[in-house]
């Protein structure tokens, strides 16, 4: 479950309703060419959906707190995986959708600009930020984090959906590329 405590993240009961949803889609894998019958594959996509778009995000700190709370509520096995999020915003700077686009291992997550911008395009997002956690607890960016951020910034420039920040979540802390002058 997502944060829904009486005090919320902002010192009062939040005016929005967050809902954690698991979308299941069933796909047929036609393997007849290999002599196998068609199989049903269940594909799980994790996504956090805002039912009500009245949430304005004042800073990267707000997004980091929301995502850290979500990760903290996972069981111990799932907390030790790397999650990569896209956070989408509309023209009024209101948060539209937070999407988990990749679940990795304890030290890696596969991310491509195509997946980052897919939902942003479908949701008509004006800008976005990306975030991921480091299960090690260290929020300093790795060389791979720097490369991925550069690729996503370049892709956003072509598409016309600006990447505003990349947040790395650690143990009770976060690293913001924007706040540290990296963007």
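Of all the numbered requirements in (1) crowded, with 18+ Cβ neighbours inside 10 Å; (2) free of Cβ contacts under 8 Å to residues at least 24 places away in the same chain; (3) under 14 Å from the mean Cα position of the chain (by Cα), residue 104 misses one, and that requirement is (1).
Test residue 138 against the stated conditions and say whether it is over 16 Å from the mean Cα position of the chain (by Cα) and outside any helix (DSSP H, G or I). Yes.
Would you confirm, using the coordinates I've provided, whether residue 120 is under 21 Å from residue 62 (Cα atoms), touching a strand residue (DSSP E or B) at 6+ places or on another chain (Cβ under 6 Å), assigned to a loop (DSSP other than H, G, I, E, B) and modelled with pLDDT under 95? Full working, then the answer.
Details: under 21 Å from residue 62 (Cα atoms): yes; touching a strand residue (DSSP E or B) at 6+ places or on another chain (Cβ under 6 Å): yes; assigned to a loop (DSSP other than H, G, I, E, B): no; modelled with pLDDT under 95: yes.
No.
Considering the conditions (1) touching a strand residue (DSSP E or B) at 6+ places or on another chain (Cβ under 9 Å); (2) not in a helix (DSSP H, G or I), residue 105 is excluded by exactly one of them, (1).
When residue 129 is tested against (1) in a helix (DSSP H, G or I); (2) surrounded by 17 or more Cβ atoms within 10 Å (Cβ to Cβ), just one condition goes unmet, and that condition is (1).
Give the residue, chosen from 174, 83, that is at pLDDT 90 or above, over 20 Å from residue 57 (Cα atoms) and in contact with a helix residue (DSSP H, G or I) (Cβ under 7 Å, 6 or more places away or on another chain). Give the steps one after another, and end with the answer.
On the way: 174 fails: over 20 Å from residue 57 (Cα atoms).
It is 83.
Of the residues that make up the range 156-169, is at least one part of a loop (DSSP other than H, G, I, E, B), surrounded by 14 or more Cβ atoms within 10 Å (Cβ to Cβ) and modelled with pLDDT of 95 or more? Yes, the range 156-169 contains at least one residue that is part of a loop (DSSP other than H, G, I, E, B), surrounded by 14 or more Cβ atoms within 10 Å (Cβ to Cβ) and modelled with pLDDT of 95 or more. When we screen 93, 80, 133 for residues that are in contact (Cβ under 8 Å) with a residue 24 or more places away in the chain and closer than 18 Å to residue 175 by Cα, the only hit is 133.
The values are calculated or read from the model by the stated rules, or taken from the named source; none is laboratory data. The model shown is predicted, which means the values in this text are computed figures rather than measured ones. No Cβ is skipped: glycine too gets one built from the backbone with ideal geometry, and neighbour counts run over all protein chains shown.
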